[in-house]
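Worksheet: one structure, shown below.
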Amino acid sequence: MPDQPRPQTPLLDRVQTPADLRQLSDSELRVLADELRAETISAVSMTGGHLGAGLGVVELTVALHAVFDTPRDRLIWDVGHQCYPHKILTGRRDRIRTLRQPGGLSGFTKRSESPYDPFGAGHSSTSISAALGLAVARDLGGAVDPVLGDAIAVIGDGAMSAGMAFEAMNNVGAMGKRLFVILNDNEMSIAPPVGALSSYLSRLYAGAPFQELKAAAKGAVSLLPEPFQQGARRAKELVKGMTIGGTLFEELGFSYVGPIDGHDMGQLLALLRTVRERATGPMLIHVLTKKGKGYAPAEASSDKYHGVSRFNVVSGEQVKAQSNAPSYTRVFAEALTDEAGRDDRIVAVTAAMPDGTGLSHFASRYPNRVFDVGIAEQHAVTFSAGLAAGGMKPFCAIYSTFLQRAYDQVVHDVAIQRLPVRFAIDRAGLVGADGPTHAGSFDIAFLANLPGFVVMAPADEAELVHMVATAAAIDDRPSAFRYPRGEGVGADMPERGHVLEIGKGRVISEGGRVAILSLGTRLAEVLGAAEALAARGIRATVADARFAKPLDHELILQLARHHEALITIEEGAVGGFGSHVAHFLAEQGVFDTGLKFRSMVLPDSFIAQNAPAAMYDVAGLNAAQIEARVLDVLGISTVSSRRA
């Protein structure tokens, strides 16, 4: 796509840091917000990324930076999906078109990137805990230069569904520290009369001394004309009595204000100035926003353009890469749906990712057998354990990076009780533009060390179909299968999955001096390396482990005893499959015979955002690097002449 014309932004051009915002009038800030929205749309159209959430907080971003003294006041964006406008205003506009690109800006907040990012976030529901930590550090004199100011957490209504947010709020309320929580509510819909009342009450809040806020709220209804008073009372009680409304937050120890219109700059500025001046303890400000605000294609989208590829600004049409193979996510969803057609005990659980995990496809066929529990991975796992204890066959579909958040539940509620929960682990390995916060690096290591677990990894999309069937058949212990983001390799697809023999791998090709034992989708790279080695006259045995646990002891011993060298390959961190193989070989005394063993894993570092192939180059797990490792183990120079 050719570069598209950039918007005209005369006011935004004058803003290098938030300090410049504080020189503008309120009317200029309104215009600035429009320019900031246009610049955000323009930038993301060139890079792709998370668009809808950022567009929804443009006015809020401007108002927060205009009222608070950032970076002395610490502004924490929960998850970070909505932080692009924040980055533009905080000295990074000249790099905003490098978002999520190699060597460019992160798609999330990142401490090493800017002093305006006091806390990094790629996962949700962490902001209130971090804000409390910063507030306590402030009061204990933890920082001298710069002296810490206020802590402000901006958290979405979706992120509020996670238990960690409420754990933090409970602690905040008990400690009574001054801090601000902005509840960015971008889903609630309020009818016009209620919205008008909300606006009126918010103006009263902003105009009154802080100590009189509650009195103002109580007295507001009596100031309305008599015909409107009864309806206004009902509307006020509805808003204040909602589960996510003021009553709950006040019971947790917060002073609650709202809801207010998050796109009305006048309301935002007046209220934020008042609470900043007068708050003495924790404040919760309930702000209503609209995802995709100000960009028609995003407003009309069912997912509000949460994540987009590059797109045409005028039409909103996204540029999608063409593929001849289905995605692993789609293959999983179709295979699970197929299995569910034969077994009505199969159910599916997701933690706020029905589209990302493919379960929306399952739900279209079996809407009563899929459960979206919200951003609550811990609950998702224990809920699945309860389903299993009740005789169902739960498939708990969670990204690898998010399953980390529920490890205690995996151990305590699933593994110890040996409950047959099936974990479908999407986004395994390195995932590209989302970078290290979303990499699926650790699941092999943290699952394969649990007694009784079955841990599988398909080499291609056809193998994934078989592993879905295998997991469905495992009814006496927990199991997991991991698969990467993106498209498969173009394997011939089976009509239906068949159940694999537990703990048994397969030999792909027979060779001589060296054996390569692969787990997962690096097998394609291993085969590429084997082809290059064959051109040098070195025939390698290639095997697909299929299972990280239980290990195929017979296959491993066969490979170890009939080859000079054995190399394992996996898309996971040290401590995973290769470590288990090494432990087994050591226990069997195989190393005493002189076997040369190497384990190729992800390096002991977090790999920066890039295309997945480039990230695997950094990791040393592509075909050329596998070939080089084999030659090194065998003591063969890479410049040696090829043998016939």
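The values are calculated or read from the model by the stated rules, or taken from the named source; none is laboratory data. Everything numeric here is computed off the predicted structure, so don't read it as measured data. Don't worry about glycine lacking a Cβ; one is built from the backbone with ideal geometry, like all the others, and counts go over all protein chains shown. Accessible surface areas use protein heavy atoms only, side chains included; no ligands, DNA or RNA. Shrake-Rupley method; radii C 1.70, N 1.55, O 1.52, S 1.80 Å.
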Can you give me the ranges of the strands (runs of 3 or more DSSP E) entirely in the stretch 488-562 with at least 1 residues that are among the hydroxyl-bearing types (Ser, Thr, Tyr) and out of contact with any Pro (no Cβ under 7 Å at 6 or more places or on another chain)?
506-509, 514-518, 540-544
Of all residues in the stretch 267-316, count the ones that are at pLDDT below 75, in contact with a Leu (Cβ under 6 Å, 6 or more places away or on another chain) and basic (Lys, Arg).
0
Return the only residue of 98, 109 being touching a Cys at 6+ places or on another chain (Cβ under 6 Å) and not aliphatic (A, V, I, L, M).
109
Specify the residue that is nearest to residue 495 (Cα to Cα); the eligible residues are those in the stretch 337-384 that are hydrophobic (A, V, I, L, M, F, W, C) and assigned to a loop (DSSP other than H, G, I, E, B).
353
Scanning the stretch 437-488 residue by residue, the ones that are under 26 Å from residue 323 (Cα atoms) and of a type in the set (Ser, Thr, Tyr) total 2
Name the single residue, out of those in the stretch 451-462 being open to solvent by less than 10 Å² (accessible area, probe 1.4 Å) and either without any contact (Cβ under 8 Å) to a residue 24 or more places away in the chain or not small (Gly, Ala, Ser) (or both), that is nearest to residue 508 (Cα to Cα).
458
Over 30 Å from residue 49 (Cβ atoms) and either in contact (Cβ under 8 Å) with a residue 40 or more places away in the chain or more than 22 Å from the chain's Cα centre (by Cα) (or both) - does that describe any residue in the stretch 347-357?
yes
Against the condition in a helix (DSSP H, G or I), closer than 30 Å to residue 451 by Cα, touching a strand residue (DSSP E or B) at 6+ places or on another chain (Cβ under 9 Å) and open to solvent by less than 20 Å² (accessible area, probe 1.4 Å), how does residue 630 come out, does it pass?
no
Output the number of the condition that residue 572 fails; it satisfies all remaining conditions of (1) assigned to a loop (DSSP other than H, G, I, E, B); (2) open to solvent by 20 Å² or more (accessible area, probe 1.4 Å).
(2)
Being closer than 22 Å to residue 330 by Cβ and either of a type in the set (Phe, Trp, Tyr) or surrounded by fewer than 20 Cβ atoms within 10 Å (Cβ to Cβ) (or both) is the filter here; which residues of the stretch 382-431 pass it?
395, 399, 402, 423
Subset of the stretch 111-132 [of a type outside the set (Asp, Glu), in contact with a strand residue (DSSP E or B) (Cβ under 9 Å, 6 or more places away or on another chain) and part of a loop (DSSP other than H, G, I, E, B)]:
116, 118, 119, 120, 122, 124, 125, 126
Condition (residue is part of a helix (DSSP H, G or I) and either touching a Ser or Thr at 6+ places or on another chain (Cβ under 7 Å) or charged (D, E, K, R) (or both)) applied to the stretch 601-615: is it met by at least one residue?
no
Looking only at the stretch 26-41, count how many residues are under 19 Å from residue 105 (Cα atoms) and open to solvent by less than 10 Å² (accessible area, probe 1.4 Å).
3
Pairs returned, first residue in the stretch 80-96 that is within 19 Å of residue 67 (Cβ to Cβ) and touching a residue at least 24 places away in the same chain (Cβ under 8 Å), second residue that is crowded, with 24+ Cβ neighbours inside 10 Å and polar (S, T, N, Q), beta-carbon separation under 6 angstrom, 6 or more apart or interchain, are 83/109; 85/40; 85/61; 86/61
Checked 408, 476 against criteria (outside any helix (DSSP H, G or I), more than 25 Å from residue 615 (Cβ to Cβ) and of a type in the set (D, E, K, R)); the one match is 476
Condition first: within 20 Å of residue 609 (Cα to Cα) and aliphatic (A, V, I, L, M). Now tell me which residues in the stretch 85-130 satisfy that.
88, 96, 99, 105, 121
Here's a check for you: in the stretch 470-490, which residue that is among the hydrophobic types (A, V, I, L, M, F, W, C) and surrounded by fewer than 20 Cβ atoms within 10 Å (Cβ to Cβ) is modelled with the lowest pLDDT?
489
Could you please tell me which pairs satisfy a Cβ distance under 7 Å, a separation of 6+ or placement on different chains, a first residue in the stretch 374-388 that is under 19 Å from residue 399 (Cβ atoms), and a second residue that is modelled with pLDDT under 95 and among the hydroxyl-bearing types (Ser, Thr, Tyr)?
374/161; 375/124; 375/125; 375/161; 376/161
Within the stretch 60-85, restricting attention to residues that are open to solvent by 10 Å² or more (accessible area, probe 1.4 Å), out of contact with any strand residue (DSSP E or B) (no Cβ under 6 Å at 6 or more places or on another chain) and within 15 Å of residue 186 (Cβ to Cβ), which residue is modelled with the highest pLDDT?
82
Give me the pairs, please: first residue somewhere in the stretch 306-333 and open to solvent by less than 40 Å² (accessible area, probe 1.4 Å), second residue anywhere and among the basic types (Lys, Arg) and at pLDDT below 75, beta-carbon distance under 7 Å, and either six or more positions apart or on two chains.
309/320
Every pair of residues 6+ apart whose Cβ atoms lie under 6 Å, when the first sits in the stretch 465-491 and is basic (Lys, Arg) while the second is modelled with pLDDT of 95 or more and surrounded by fewer than 18 Cβ atoms within 10 Å (Cβ to Cβ)
477/418; 477/452
